[in-house]
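Accompanying notes for the structure given below.
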Amino acid sequence: MTIEETTVTFTELTADLENPGPDWRRTAVVYQIYPRSFADSNGDGIGDLPGITRRLPALAELGVDAIWLSPFYKSPQADAGYDVADYRDVDPVFGTLADFDAMLQRAHGLGLKVIVDLVSNHSSDEHEWFQAALAAGPGSRERERYIFREGRGENGELPPNNWESCFRGPAWTRTTNPDGTPGQWYLHLFDTKQPDWNWENPEVRAEFLDVLRFWLDRGVDGFRVDVAHSLIKAPGLPDQAPADQAAQDAETDGFFLTGPMWDQDRVHEVYRDWRALLDTYSPDRILCAEAWVPSLDRLARYVRDDEMHQAFNFGYLESEWDAAHLRATIDKSIAANETVGAPTTWVLSNHDVVRHVSRLGLPAGPRPNGIRAEDVQPDHELGLRRARAATLLMLSLPGSAYVYQGEELGLPDHTSLDDDLRQDPTWWRSQYTEAGRDGCRVPLPWEADEPGLGFGPGGATWLPQPAAYAELARDRQHEVEGSTLEMYRTALAFRRAFALAVGTVGWVESAPGVLQFTNGELTVAANTGTESVPMPEGELLMSSVPLTDHGTLPADTTVWLLTEVFNESQS
Ligand code: GLC
Ligand code: CA
């Protein structure tokens, strides 16, 4: 990153930052905290809420607007907390409700909004209601809250339909009756320990409205809705058709896109109800959909006027590092969202996918679900260079953006993790063929010279940190010119100062492999090709890698150029 001398000083640029009010979510940069791996306060090697509270100033300094926390609720942790046993309590591993309140207060004190995760497709099998359903038996009101069915075959020995779990293996598990005989089956689109709720059931709908109220009353600013496209299933739970199966097999990330369990039109009823509830609080509480749907048009339906406010743009996450492909995705995203008047929510990494530093360092091809030591290893240098360029491109686009913890440090995945340490259920459910998501969930490096790289007292970390993390520790990058951390910090400040998040993309024809557009006073150019090209006109504001020659735009580099002379009277 290079900040060249410009006609204005940084202070002038940031002088008139204002609180955007209820529209904050249209422009916000939201930082995803994965609580188990962010910061540990008590030395058990697992991150927790007091750890987050202590480290929040680093995020305020980075310049993000909000944080989203992955689940910290009471849970047996069969899917790292996405298996909730009590939606209204904190798991002891992460702390207490009082720790949550303290964290929230601290975040708000620092000007950061707080979004929490809502896991509404399924609960834990240890949830009180699921235990009650098992005990109550077939035909009971308790069983109606989940999806229980008789098996097929002469003795009910076959699952009710052919659906597969996203974590591999069948999506059904058979229960055992109190007398020891085999009983009904229950549906779980994810792990056996994650039974799906029955969203046709009014009690379930009422319960979740109440869960929303519980957290809204505590003061949260919004919810990230887990697998938002799966709550409603096609009537009669028909088999997955062979065409859908083929589409599903082509998916390498474990998340299916099409079929009778995904993106049913009636799912939107649920979000309209939730939105109506949120609006009774204030217009600035938000809902963000995690919906892996096949098209950006379908995705836009989740952010209609009376539904959610944001939906992760996974189409962008899945884009190749290729100008034509990126441009098409950006155009389609903006166009689809314009039909419903919503901004786009860009994202490159999260706790479910190989980090973009590692992804972009792999030969082109489908995105793997985790990388093992025996797999082709990413080229770290190339991956980091492209990741920085991809980030600078993302942060120049209008709309909101999500940043996954550690990407501001340029962290790669752990790509040689000992298989015995893997905890993602995908690993065993796939018969040890798919590594799963542990590699992107490794505890963060804070201080290079501390044990456990400063993750917590004593140095314990629930997953080992790869050797490369020491040099990437936050204290090695803090205020170090050219570091990835400083690139993020500067980009966030300029993004705000130049109002890029509310601007418009104006394409400029350029060399093949180069993506070039204007957004307000800036020209943005990203060279995804293999050759250097002449630098576009303008005054270099920043670049994704330090540049010595300002006349050329090297390969795998993004630059922000000032095209109009900034006039002080405008500020
Ligand atoms: C979402 C979460 C993922 C989890 C799954 C099941 O996709 O992001 O981590 O495993 O839902 O809850
Ligand atoms: Ca801890």
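The values are calculated or read from the model by the stated rules, or taken from the named source; none is laboratory data. Small disclaimer: the values here were computed from a predicted structure and weren't measured. Cβ placement follows ideal geometry from the backbone for every residue including glycine, while neighbour counts extend to all protein chains displayed. Just so you know, the surface numbers come from the protein's heavy atoms only, side chains and all, with ligands and any DNA or RNA stripped out. Shrake-Rupley method; radii C 1.70, N 1.55, O 1.52, S 1.80 Å.
Helix 267-281 and the long axis of the chain differ in direction by around 70°, with both axes built from C-alpha atoms. Take the stretch 128-187 with all the other protein chains still there, run a 1.4 Å probe, and you get 51 Å² of accessible area per residue. Rounded to the nearest 20, the size of the Cβ-charge dipole of the stretch 128-187 about its Cα centre is 160 debye, with Lys and Arg at +1 and Asp and Glu at -1. Sort the stretch 93-203 into rounded, prolate or oblate with this rule: let a ≥ b ≥ c be the square roots of the eigenvalues of the Cα gyration tensor; rounded if a/c is under 1.5, and if a/c is not under 1.5, prolate when a/b is larger than b/c, oblate otherwise. It comes out prolate by the Cα gyration axes. Derived scalar couplings between HN and Hα for the stretch 399-407 equal x, 9, 8, 10, 10, 8, 3, x, 5 Hz in order, rounded to whole Hz, by the Karplus curve 6.51 cos²θ - 1.76 cosθ + 1.60 (θ = phi - 60°), x for Gly and Pro. Using the Cα gyration tensor of the stretch 128-187, with a ≥ b ≥ c the square roots of its eigenvalues, what is the shape: rounded (a/c below 1.5), prolate (a/b larger than b/c) or oblate (neither)? Here the stretch 128-187 falls in the oblate category. Going Cα to Cα from residue 233, which lysines come in below 25 Å? Please leave out same-chain ones fewer than 8 positions away. By straight Cα distance, residue 233 reaches 193. Under 19 Å from a label point set 7 Å out along the Cα-to-Cβ vector of residue 377, the amide N atoms of the stretch 336-363 belong to 354-363. Ratio of Rg to Rh for the stretch 433-569: 1.09 [Cα atoms; Kirkwood radius as inverse mean 1/r over pairs].
Accessible surface of the chain, 1.4 Å probe: 50 percent of it comes from carbon and sulfur atoms.
Of the GluC sites (Glu not before Pro) in the stretch 145-181, the ones in a loop by DSSP (not H, G, I, E or B) with at most 13 other beta carbons within 10 Å are 150, 154, 157.
Between residue 200 and residue 468, the contour length at 0.36 nm per residue exceeds the alpha carbon distance by 91.6 nm.
Using the eigenvalues of the Cα gyration tensor, what equivalent ellipsoid semi-axes result for the chain when each is taken as the square root of five times the eigenvalue, whole Å, largest first?
Semi-axes, largest first: 40, 25, 24 Å.
A simple spin-label model places pseudo-atoms 7 Å from Cα toward Cβ; at residue 126 and residue 339 they are separated by 4.4 nm.
For the pair residue 273 and residue 511, the difference between a 0.36 nm per residue extended length and the Cα-Cα distance amounts to 80.8 nm. Between residue 297 and residue 88, what is the FRET efficiency for a Förster distance of 45 Å, r being their Cβ-Cβ separation, to the nearest 0.05? It comes out at approximately 0.80. Each peptide in 540-549, 378-387 gets a packing score, the mean of other Cβ atoms within 10 Å over its residues, and the list from highest to lowest is 378-387, 540-549. As a length-normalised measure over Cα pairs under 8 Å and 6 or more apart, the relative contact order of the stretch 128-187 settles at 28 percent. Under the convention that each Lys and Arg Cβ holds +1 and each Asp and Glu Cβ holds -1, the size of the dipole of the stretch 504-569 around its Cα centre is about 160 debye. Computing FRET efficiency as 1/(1 + (r/R0)^6) for residue 58 and residue 162, where r is the C-beta to C-beta distance and R0 is 35 Å, gives about 0.15. Contact order for the stretch 504-569, expressed relative to its length and based on alpha carbon pairs under 8 Å spaced 6+ residues apart, stands at 31 percent. Per-residue 3J(HN,Hα) values for the stretch 434-444, derived from phi via the Karplus relation 6.51 cos²θ - 1.76 cosθ + 1.60 with θ = phi - 60°, read 10, 4, x, 9, 4, x, 9, 10, 6, x, 5 Hz in sequence order (x marks Gly and Pro).
For every other residue with a beta carbon closer than 9 angstrom to the beta carbon of residue 39, add +1 if it is Lys or Arg and -1 if Asp or Glu, then tell me the sum.
Working: positive: 54, 55; negative: 40, 48.
Within the 9 Å Cβ shell, the charges total 0.
Under the simplified labelling scheme, the residue 431-residue 280 pair shows an inter-label distance of 5.1 nm, with each label point 7 Å from Cα along Cα→Cβ. Ratio of Rg to Rh for the stretch 374-415: 1.04 [Cα atoms; Kirkwood radius as inverse mean 1/r over pairs].
The angle between the Cα long axis of helix 49-62 and the longest principal axis of the Cα atoms of the chain comes to about 30 degrees, rounded to the nearest 10.
Write down the percent of antiparallel bridges among all DSSP beta bridges whose residues are both part of the chain, to the nearest 5.
That works out to approximately 55 percent antiparallel.
Loop-resident GluC sites (Glu not before Pro) (DSSP state other than H, G, I, E or B) in the stretch 312-380 with no more than 15 further Cβ atoms inside 10 Å of their Cβ: 320, 374.
Farthest towards the positive end of the charge dipole of the chain, among the residues 137, 159, 558, is the Cα of 137, using unit charges on the Cβ of Lys, Arg, Asp and Glu.
Give the shape of the stretch 504-569 as rounded, prolate or oblate, defined through the alpha-carbon gyration tensor: a ≥ b ≥ c are the square roots of its eigenvalues, a/c under 1.5 means rounded, and otherwise the shape is prolate if a/b is larger than b/c and oblate if not.
In terms of gyration-tensor shape, oblate.
Compared with the alpha-carbon gap, the fully stretched path from residue 23 to residue 266 is longer by 84.7 nm at 0.36 nm per residue. The modelled label-to-label distance for the pair residue 209/residue 460, using points 7 Å beyond Cα in the direction of Cβ, is 4.4 nm.
Applying the criteria of a DSSP loop state and at most 13 other Cβ atoms within 10 Å to the GluC sites (Glu not before Pro) of the stretch 461-560 yields 471, 479, 481, 509, 531, 537.
Across the stretch 389-417, the residues whose backbone nitrogen lies under 15 Å from the label position 7 Å along the beta-carbon direction of residue 478 are 409. Relative to the longest principal axis of the Cα atoms of the chain, helix 323-338 runs at roughly 70 degrees.
Please list the equivalent ellipsoid semi-axes of the stretch 311-438, computed as the square roots of five times the alpha-carbon gyration tensor eigenvalues, in descending order and whole angstrom.
Working: eigenvalues 157, 52, 33 Å².
Gyration-tensor ellipsoid for the stretch 311-438: 28, 16, 13 Å.
For the pair residue 416 and residue 531, a Förster radius of 35 Å applied to the C-beta separation gives a FRET efficiency near 0.60, rounded to the nearest 0.05.
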